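Taking it in order: structure first as structure tokens, then the write-up.
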Amino acid sequence: MFPIWERKFDIQPFKYERNRLPFKMNNEERLWRKQWLEDQVLHPDEPQNIPNLDKLRLNPIRYRWMRFWDGAFNKIRPIVGGYTPVLRYSIPKILVIHTMGILFTYYCLYRKQNWEYSGGASFYGYKGDWGTEAEKHLTSQDYYDRGFQARKACRYAEHKY
């Protein structure tokens, strides 16, 4: 249970009918509830249309992202019809997930680590054969080699380590 200062506060007076039964509400509380219900009716001018409200409340990147997709889906609204909000919600997310998957695949397949630079994906695994007949004794240089021994440059004697 949350402490009282962290609990949700319901602003509606006497929300449940059992609290509004006779002998539980006095006249002052009835007037309070009546006033609250009257306050819930919107004025004809409400809600106010404030231009650029989204621009003020969102950061610039999010605002441009939202404007791009809103413009795109407003153009296809006559074609799609009532499914526009569902598509507007789901298609950008699907495209972002798809793009991230493509980038991750590229990063893992084509940006492998080697001895020349440290960026990229690094995969570790057993270098020997799993069969019992294959006995390969690895030296200390064979572990985490990152392609150094297969290099083409600096292979002559004075560059050996």
Scanning region 68-81 residue by residue, those free of Cβ contacts under 8 Å to residues at least 12 places away in the same chain and under 13 Å from Pro92 (Cβ atoms) turn out to be Phe68, Gly71, Ala72
Go through region 18-64 and count every residue that is among the basic types (Lys, Arg) and part of a loop (DSSP other than H, G, I, E, B).
2
Suppose the filter is assigned to a helix (DSSP H, G or I), touching a Lys or Arg at 6+ places or on another chain (Cβ under 6 Å), in contact (Cβ under 8 Å) with a residue 12 or more places away in the chain and not aliphatic (A, V, I, L, M); does Phe14 pass it?
no
Which of (1) loosely packed, with under 10 Cβ neighbours inside 10 Å; (2) over 28 Å from the mean Cα position of the chain (by Cα) does Gly81 not meet, given it meets every other one?
(2)
Consider only pairs whose beta carbons are under 6 Å apart and that are at least six residues apart or on different chains; among these, list those whose first residue lies in region 52-65 and is under 15 Å from Pro92 (Cβ atoms) and whose second residue is part of a helix (DSSP H, G or I).
Tyr63/Lys55
Which number in (1) assigned to a helix (DSSP H, G or I); (2) charged (D, E, K, R); (3) out of contact with any Asp or Glu (no Cβ under 9 Å at 6 or more places or on another chain) marks the one condition that Arg67 misses?
(3)
I'd like to know if region 10-17 contains one or more residues that are over 40 Å from the mean Cα position of the chain (by Cα), more than 30 Å from Pro92 (Cβ to Cβ) and loosely packed, with under 11 Cβ neighbours inside 10 Å.
yes
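Matching residues to (1) among the charged types (D, E, K, R); (2) at pLDDT 90 or above:
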site	(1), (2)
Pro44	no, no
Asn49	no, no
Arg64	yes, yes
Lys75	yes, yes
Tyr83	no, yes
Arg88	yes, yes
Pro92	no, yes
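The values are calculated or read from the model by the stated rules, or taken from the named source; none is laboratory data. Quick caveat, the model's predicted, so the values are computed rather than measured. FYI the Cβ positions are ideal-geometry reconstructions off the backbone, even for glycines, and counts take in every protein chain you see.
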